[in-house]
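Each remark here refers to the structure printed beneath this line.
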Amino acid sequence: MNKIVVRNPFPAIDRDSFLTPFDKMFDEIITHSFPQINQQVGVKPFEGSAYPKVNVYEYDDKVCIVAEISGLNKKQLNIEVENGNLIISGDKHNIHEEAGAKVIRRELKASSFKRSFELGELLDGDNIEAEFKDGVLSISVPKKEPELPKKSFVKIS
């Protein structure tokens with residue numbers, strides 16, 4: 001009979017609290033190095049916390065944000081637009097743990113989350129569409145036609 005001995009010589013470090021400052025630092029470097037990204041895309045793709053992880057895609061007529069959010073159903077998610085910000089939030093506290101079990105390793109995130117993206121003037125925050133399937137949230141934000149400067153003629157008398 002084999003005996004399994006689990007020893008952890010390292011102190012417990014919460015992965016998110018360790019990596020989040022590095023994610024934010026990277027986001028700031030990219031934002032400062034390439035400020036035109038925010039203007040061209042119309043959304044600040046590097047703003048916010050690191051969870052959920054997202055991909056941001058630009059098309060001719062829209063910007064899409066795809067987030068990987070496993071372990072939730074669509075009733076546990078909120079998507080809202082407030083003061084020009086698209087906000088994705090949810091509550092992920094229902095991770096299954098059996099009574100009497102000693103946790104040896106914990107990697108599954110069990111908390112609430114909130115991530116926001118600043119929408120620029122070129123995106124239509126009133127006509128956003130979202131779909132959630134198999135742990136992947138897809139948000140489509142249509143682009144607006146830029147307003148042309150108004151021009152009027154003055155009659156000369």
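In table form, for the structure just shown:
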| quantity | calculated |
| --- | --- |
| Cross-chain or 6+ apart pairs with Cβ under 9 Å, the stretch 133-157 first and farther than 30 Å from Gly71 by Cα, then outside any loop (DSSP other than H, G, I, E, B) and among the charged types (D, E, K, R) | Lys143/Glu58; Lys143/Lys62 |
| Pairs with Cβ under 8 Å, 6+ apart, first in the stretch 81-100 and at negative phi, second at pLDDT below 80 and loosely packed, with under 10 Cβ neighbours inside 10 Å | Glu97/Val103 |
| Selected residue (criterion: nearest to the chain's Cα centre (by Cα)) from residues of the stretch 125-154 that are of a type in the set (Lys, Arg) and at pLDDT 90 or above | Lys133 |
| Within the stretch 114-142, considering residues that are crowded, with 16+ Cβ neighbours inside 10 Å and out of contact with any strand residue (DSSP E or B) (no Cβ under 6 Å at 6 or more places or on another chain), the one nearest to Thr31 (Cα to Cα) | Gly120 |
| One residue from Leu86, Leu137 being touching a helix residue (DSSP H, G or I) at 6+ places or on another chain (Cβ under 9 Å), under 19 Å from Val63 (Cβ atoms), part of a strand (DSSP E or B) and not small (Gly, Ala, Ser) | Leu137 |
| Given (1) loosely packed, with under 11 Cβ neighbours inside 10 Å; (2) assigned to a helix (DSSP H, G or I); (3) modelled with pLDDT under 60, index of the condition Phe22 fails | (3) |
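The values are calculated or read from the model by the stated rules, or taken from the named source; none is laboratory data. Because the structure is a prediction, the values reported are computed rather than measured. Methodologically, a virtual Cβ is constructed for each residue, glycine included, from the backbone with ideal geometry; neighbour enumeration extends over all protein chains shown.
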